[in-house]
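Below is one structure, written out as structure tokens; comments come after it.
The values are calculated or read from the model by the stated rules, or taken from the named source; none is laboratory data. In this text the structure is predicted, and so the values were computed from the model without any measurement. Cβ placement follows ideal geometry from the backbone for every residue including glycine, while neighbour counts extend to all protein chains displayed. Accessible surface areas use protein heavy atoms only, side chains included; no ligands, DNA or RNA. Shrake-Rupley method; radii C 1.70, N 1.55, O 1.52, S 1.80 Å.
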Amino acid sequence: MRWNPRLPRGGGPVYRAIADALEADIKAGRLGAGDALPTQRDLAERLGVNFTTVTRAYAEARRRGLLDARVGSGTFVAGAPNGSAASTAAVPEETRDVDLSVNAPPVPAWMGGALRATIESVGADGDVVRQMLTYRTRRGDAMAREAGVAWLRGRGIDASAERVAVTGGAQHALALLLATLARPGDTVLVEALCYPGLEGSAASAGVRLVGVPVDEEGLRPDALDAACRRHGATLLCCVPTLQNPTTAVMSLARRQAIVDVARRRGLRVVEDDICGPLLQDAATPLAALAPDVVTYVGSLSKCVAPGLRTAFVLAPSRDDAARLDAAVRASVLMLSPLPLAVAASWVADGTAARAVADISREAAARGALARALLGAPNVSAPAGSIHAWLRLPSTWTVAGFVAEAQQQGIRVTPADWYVRPDGSARPAPVPNAVRLALGSAPDRAALERALRALAAILAHEPARRAPTL
Ligand SMILES: Cc1ncc(COP(=O)(O)O)c(C=O)c1O
């Protein structure tokens, strides 16, 4: 399409005149949604104006919601300027590049100062410094395990230090548990929508993951029972509290029912409680209901800071903990002492508990924002969850929505990333939903701008673009 703007003679900046001409041509129907515009250089030559004047004109037109620039493929008319079919691509510049795909907690501002102070105090003790710089020591091990006991107590679980093992984050724990609690060739049951990081660990351990259908409370006990019967599985990995990605929280009755199935079927359970402490309506861990069958994984990643790379595992028995300890040694020899010392001291001195409270409070505010801006019935974000699950209207496909959001610099994660097949010939359809990592926006204002842009996308039908050659 060769657009030839007619610029009015007379006063006013030229860039604005170009933008006005564009708006007038769209209103008059001479330009339609999806029409390609000339390159800035071409238009500048034809109008006999500076290249930067056209750049400013296109920026002004984008600000008015008239244009949609796609990197590498040019500039296109986005839609009518009166808003009747306004392009969702027309968003303010500052909305650009908000990553809602990495599920990190909103780290409190005070944490940097706390980290500096802790490292300084650790560094002030020559004995401790020597321990930081060498291989594992009994003292370091004992401190880390005691921190685990204290962390578990905060979750309402009473445990002795011999049943606690410390790993380099939950991912490390899950990888080792898949390798030690299952045998190559085994089937391990997981939620039908689950944390994708399990897949690589399952492949390394040579086990097959099979998804078990879920509902709004998470794993369904009847489906778990059927899956045990069908696959002869002996291990289940699940997230009963603030499930990733759906945010589901099992009721107490549901937890009891899952534990009953596990007992009846001889199933061992790995409870991944990575976000559990953040939930404002506290939920009883499975490990408190059935310590004999549940291996509990608690991590500091979502509740304090992922860079600490510290998780605490509570095994059903002392021997199980010792086996896990041996697996830690076999995989990494020892955990890095410095982050471990920071983690242990923060759990001991209350810094970790302060972080949990602050992150939970901030997450609750962000979740409320998501519900308010995106429409409460479409969004699941229980108070304290750092991620939200957004169900899309039928006008949008997941791929279309993710692409449109990406176009506007907002990254979200499509539901299909989380799907684990149930092993049947007719797998369940992938939900029309995306996960939003609310915690990774740098601040609430950036999150609000990104959520408003997503709301604008949802409010409109996907634009039908004219094919471009
Ligand atoms: C459910 C779940 N489990 C485990 C992990 C891994 O956590 P970590 O950073 O503690 O290794 C994640 C990270 O996103 C997760 O969402």
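What's the number of the only condition in (1) more than 18 Å from ARG452 (Cβ to Cβ); (2) of a type in the set (D, E, K, R); (3) open to solvent by less than 20 Å² (accessible area, probe 1.4 Å) that ARG354 fails to meet?
(3)
Return the pairs, sorted by first residue and then second, in which the second residue is crowded, with 24+ Cβ neighbours inside 10 Å and aromatic (Phe, Trp, Tyr), the first residue lies in the stretch 294-311 and is within 19 Å of GLU271 (Cβ to Cβ), the beta carbons are less than 6 Å apart, and the residues are 6+ apart or on different chains.
Close Cβ pairs satisfying both conditions: GLY298/TRP151; GLY298/PHE312.
Just to check your reading of the model, which residue among LEU324, LEU340, LEU300 is over 27 Å from the mean Cα position of the chain (by Cα) and within 16 Å of the ligand (Cβ to nearest atom)?
LEU324
So which residues in the stretch 151-177 are in contact with an Asp or Glu (Cβ under 9 Å, 6 or more places away or on another chain) and either in contact (Cβ under 8 Å) with a residue 24 or more places away in the chain or within 16 Å of the ligand (Cβ to nearest atom) (or both)?
LEU152, ARG155, ARG163, VAL164, ALA165, VAL166, ALA170, ALA173, LEU174
How about the stretch 404-442: which of its residues are touching a residue at least 60 places away in the same chain (Cβ under 8 Å), among the acidic types (Asp, Glu) and either open to solvent by 30 Å² or more (accessible area, probe 1.4 Å) or not in a helix (DSSP H, G or I) (or both)?
Passing the criteria: only ASP422.
Name the residues in the stretch 300-338 that are open to solvent by less than 20 Å² (accessible area, probe 1.4 Å), within 19 Å of ALA147 (Cβ to Cβ) and part of a helix (DSSP H, G or I), would you?
Hits for the stretch 300-338 are LEU308, ALA321, LEU324, VAL328.
Tell me, which residue of the stretch 230-280 that is away from the ligand (no atom under 16 Å from the Cβ) and open to solvent by less than 20 Å² (accessible area, probe 1.4 Å) is nearest to ALA363 (Cα to Cα)?
Only one residue fits best here, namely ARG255.
Among ALA57, ALA61, ALA33, which is the only one that is surrounded by 15 or more Cβ atoms within 10 Å (Cβ to Cβ) and modelled with pLDDT under 80?
Of ALA57, ALA61, ALA33, the one residue that is surrounded by 15 or more Cβ atoms within 10 Å (Cβ to Cβ) and modelled with pLDDT under 80 is ALA33.
Go through ALA203, ALA182, ALA223 for me and flag whichever is surrounded by 15 or more Cβ atoms within 10 Å (Cβ to Cβ) and without any contact (Cβ under 8 Å) to a residue 24 or more places away in the chain.
Going through ALA203, ALA182, ALA223 in turn, just one is surrounded by 15 or more Cβ atoms within 10 Å (Cβ to Cβ) and without any contact (Cβ under 8 Å) to a residue 24 or more places away in the chain: ALA223.
For the stretch 234-257, how many residues meet the condition of being outside any loop (DSSP other than H, G, I, E, B) and closer than 26 Å to GLY185 by Cα?
4
What helices (runs of 4 or more DSSP H) completely inside the stretch 120-233 contain at least 2 residues that are closer than 19 Å to ARG323 by Cα and at pLDDT 95 or above?
138-154, 170-181, 197-205
Take GLY156 and tell me if it is under 29 Å from the mean Cα position of the chain (by Cα) and under 21 Å from PRO291 (Cβ atoms).
Against the criterion (under 29 Å from the mean Cα position of the chain (by Cα) and under 21 Å from PRO291 (Cβ atoms)), GLY156 qualifies.
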